[in-house]
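The values are calculated or read from the model by the stated rules, or taken from the named source; none is laboratory data. Since the model is a prediction, treat every value here as computed from it, not as a measurement. Cβ atoms come from the backbone with ideal geometry, glycine included; neighbour counts cover every protein chain shown. Ligands, DNA and RNA are excluded from the accessible area calculation, which covers all protein heavy atoms including side chains. Shrake-Rupley method; radii C 1.70, N 1.55, O 1.52, S 1.80 Å.
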Amino acid sequence: MIILGIESSCDETAAAIVQNGNKVLSSVVQSQDLVHEKYGGIVPELASRNHIGNIFSVLNRAISDSNISLADIDGVAATYGPGLIGSLLVGLTMAKAVAFSANKKFIGVHHIEGHLHASHLQFPNGQFPSIGLVVSGGHTTLYKLKQRGCYEILGQTKDDAAGEAFDKGAKTLGLKFPGGPEIDRLAQKGDPSFHAFPRSQMPKFDFSFSGLKTSLAIYKKKYGTRHLENICASYQSAIVDMLVDKTLNAAQAHKVKSITVCGGVARNSALRKRFKTECEIRKLELYIPEAEFCTDNAVMIALAGYEKLKSGLSSPWSLAPKAYIPLLN
Ligand code: KG4
Ligand code: ZN
């Protein structure tokens with residue numbers, strides 16, 4: 001079964017073609033970082049306009065890279081939410097148009113379900129139940145993954161997402177957007193014990209990052225940014241500690257043998273290293289996608305769409321984009 005996946009929920013325009021849920025025939029991601037960089041954050045109107053400008057060339061490249069034709073495709077999967085409505089509309093409408101005109105099946109995919117499927121590429125026989133940590137620019141949520149496609153929310157952030165904590169923290173420090181990769185890069189040369197930024201103590205499996213963000217702003221006002229690498233390492237270390245500690249607690253409380261980490265922040269080198277070490281000590285299996293499949297991409301959408309289409313599901317042509325939508329199984 002060959003699936004074309006399309007993703008446009010935020011500022012990445014992406015298309016991918018995946019065979020049998022395990023072989024990537026092509027994957028194209030067109031970033032808009034340069035468009036939004038000067039505003040220090042994503043401007044929704046610009047994001048939708050740029051998706052329109054990019055979507056045809058992204059789709060064309062995905063088809064030509066795959067060495068197959070549209071006629072060989074069995075179904076089209078596209079993100080329908082959550083995300084920016086204007087952005088979602090572009091990819092979703094394109095996916096419907098392609099599926100309708102080529103007489104293929106069509107399925108809408110929840111963006112977070114896509115992220116949670118990304119690790120299946122490298123770990124097709126991953127163990128369930130697993131504790132799933134989704135850490136992106138818009139989400140920080142802990143799930144119990146009972147089996148593929150079956151999720152229970154254990155906790156989530158009560159304010160900012162971990163990606164926002166990285167991006168807004170970077171903005172405070174005068175770094176370019178998106179700030180996550182910048183802090184990661186600078187922190188590699190810094191000392192994480194340089195300054196003890198606060199770790200929030202939220203009940204159970206919830207998270208909070210706004211106190212940490214404020215603490216960085218106060219620090220900067222008092223001391224400036226002279227030891228930038230050390231500040232980045234210390235700030236990053238607080239985020240990593242909060243994410244890893246809660247995830248390990250959840251794994252222990254729910255007696256699972258594996259941990260799944262996904263979303264853009266799962267690219268973070270300190271987070272990956274820490275999870276690897278802790279999982280080795282606790283004899284837990286760790287499923288983290290390769291870096292390119294952590295940030296938004298269309299392979300993950302094709303993988304999630306494949307599972308649904310294979311089980312006989314499809315979406316109506318009237319499927320509308322949704323800004324907010326819970327992940328239900
Ligand atoms: O999953 P994603 O591409 O988009 C959303 O669905 O939100 O995640 C984007 C987020 C941004 O906040 C970005 O700063 C963060 O992922 N990110 C990182 C790194 N690479 C991307 N955060 C920390 N370290 C990184 N290396
Ligand atoms: Zn995402």
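So here's what we get for this one:
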| quantity | calculated |
| --- | --- |
| Under-5 Å amide H pairs with Leu25, H placed in peptide plane, nonlocal only | Ile17, Val18, Gln19 |
| Antiparallel DSSP beta bridges within the chain, as percent of all bridges there, nearest 5 | 60 percent |
| Ordering of 20-26, 181-187, 259-265 by packing [mean C-beta count within 10 Å, highest first] | 259-265, 181-187, 20-26 |
| Relative packing of peptides 160-167, 291-298 - highest average C-beta neighbours within 10 Å first | 160-167, 291-298 |
| Long-range HN-HN contacts of Leu286 with modeled amide H, under 5 Å | Ile259 |
| Long-range HN-HN contacts of Phe207 with modeled amide H, under 5 Å | Gln156, Thr157, Lys158 |
| Positive-end residue of Val299, Ile153, Ile17, charge dipole of the chain with Cβ unit charges | Ile153 |
| 3J(HN,Hα) from dihedral phi, segment 85-95, Karplus parametrisation 6.51/-1.76/1.60, rounded to Hz, x for glycine, proline | 4, x, 6, 4, 4, 5, x, 5, 5, 4, 4 |
| Segment 277-329 versus segment 174-199: alpha-carbon centroid distance in Å | 28 Å |
| Out-of-range pairs (alpha-carbon distance over 20 Å; input Lys144/Lys283; Lys23/Lys322; Lys144/Lys213) | Lys23/Lys322; Lys144/Lys213 |
| Kirkwood estimate for segment 147-219, i.e. one over the average of 1/r between Cα atoms, Å | 13.8 Å |
| Accessible carbon and sulfur surface of segment 225-274 relative to its total accessible area, %, 1.4 Å | 47 percent |
| From phi via Karplus (6.51, -1.76, 1.60), per-residue ³J(HN,Hα) for segment 218-227 in Hz, x at Gly/Pro | 5, 4, 4, 4, 6, 10, x, 10, 4, 9 |
| Total formal charge among the other residues, if their Cβ is under 11 angstrom from that of Val24, Lys/Arg +1 and Asp/Glu -1 | -2 |
| Rounded to whole Hz, the Karplus (6.51, -1.76, 1.60) HN-Hα couplings of segment 264-276, x for glycine and proline | x, 5, 5, 6, 4, 5, 5, 5, 4, 5, 5, 4, 4 |
| Fraction of alpha-carbon pairs over 26 Å apart in the chain - percent | 46 percent |
| Debye intensity ratio I(q)/I(0), log10, segment 127-291, q values 0.08, 0.14, 0.19 Å⁻¹ (C-alpha model) | -0.22, -0.66, -1.16 |
| Sequence ranges 42-54, 210-222, ranked by mean other-Cβ count within 10 angstrom, highest first | 42-54, 210-222 |
| For segment 81-151 versus segment 1-66, the gap between their alpha-carbon centres in whole angstrom | 14 Å |
| Nearest-20 debye value, segment 127-291 charge dipole, Cβ charges on Lys, Arg, Asp, Glu | 100 debye |
